[in-house]
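Step one of this worksheet: look at the structure below.
Only the coordinates and a few stated rules stand behind these numbers; no lab work does. As the structure is a computational prediction, the values presented were derived from the model and not from experiment. Positions of Cβ are generated from backbone atoms using ideal geometry, with glycine treated the same way; all protein chains shown enter the neighbour counts.
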Amino acid sequence: MFEKLQTLSKKNTVTPAEFSGALQLLKALEANFCTDYIINKNGVDSVITGRTFLFGEICIKNNSTAAVEEYINYMKRHHASAEEQINFSFEKLFIQRPEDVLSFVGSDEDLLNKLEWGFVHNHTHLNRKNYRTVFYRANPQIRRIYPKYKKAIDYLLGEIRGELKD
């Protein structure tokens, strides 16, 4: 199962049919509590990659509203997870499809905080002087959708600023 997900994650584009198949594989891995792709080489187990990373890449390469929805559903199923990759991939989906992400997130502060954490850690060059510039440069669509999602965007910017040092 992991091999198929890894193959899909490396494609430039994931079709809707491929995405549907990936969802079935993902849910089977979840049902079996499989989080890491482990291979045994010369009697030593090695983690190749993780379920969350692969699913995040597949969602990004599917680039659809359905992918955003399924990724957020995945996050909700794993809300207690300390796995940082969840937030890294979430922020990448936000960069790609900000309006879809915000429409599903609404005012859910837990999800907005995960998005903020992903943004701060995916953009390591941030500081209190440049975070707004980086945010709007990474998300050019934000200016257009700001009136509709003002509360969530202002919350995100405030949380990002609070996380940063001078």
Practice task
Output the peptides 146-159, 47-60, 105-118 sorted from most to least packed, where packing is the average of other Cβ atoms within 10 Å over each peptide's residues.
Solution key: 47-60, 105-118, 146-159
Completion exercise
Checked the stretch 65-166 with the C-alpha gyration tensor, a ≥ b ≥ c its square-rooted eigenvalues, rounded below a/c of 1.5, otherwise prolate if a/b is larger than b/c and oblate if not; verdict oblate
Completion exercise
Given 86-97, 25-36, the highest-first ranking by average Cβ count within 10 Å works out to 86-97, 25-36
Problem - Cβ-placed point charges (K, R +1; D, E -1), dipole of the chain about Cα centre in debye, nearest 20 - result: 660
Handout entry: Mean residue ellipticity (222 nm) of the chain, computed from DSSP H runs ≥ 4 via -39,500 (n - 2.57), nearest 500
Key = -21500 deg cm²/dmol
Completion exercise
Length gained if LYS27 through ASP154 is fully extended, taking 0.36 nm per residue and subtracting the Cα-Cα distance, is 42.3 nm
Handout entry: Modelled FRET efficiency - R0 35 Å, ASP166 with MET1, Cβ distances, 0.05 increments
Key = 0.15
Fill in the blank from the handout: Sorted by chain and number, the residues with a modelled amide H under 5 Å from that of TYR37, at a separation of 5 or more or across chains, are ILE48, THR49, GLY50, ARG51
Completion exercise
Of the listed links LYS92/LYS165; LYS4/LYS114; LYS129/LYS165; LYS61/LYS129; LYS27/LYS61, those spanning more than 21 angstrom between alpha carbons are LYS92/LYS165; LYS4/LYS114; LYS61/LYS129
Exercise for the section: Give the distance, in whole Å, between the Cα centre of the stretch 104-166 and the Cα centre of the stretch 1-76. Expected result: 26
Practice task
Evaluate E = 1/(1 + (r/R0)^6) for VAL134 and ASN113, where r is the Cβ-Cβ distance and R0 equals 22 Å; express this FRET efficiency to the nearest 0.05.
Solution key: 0.75
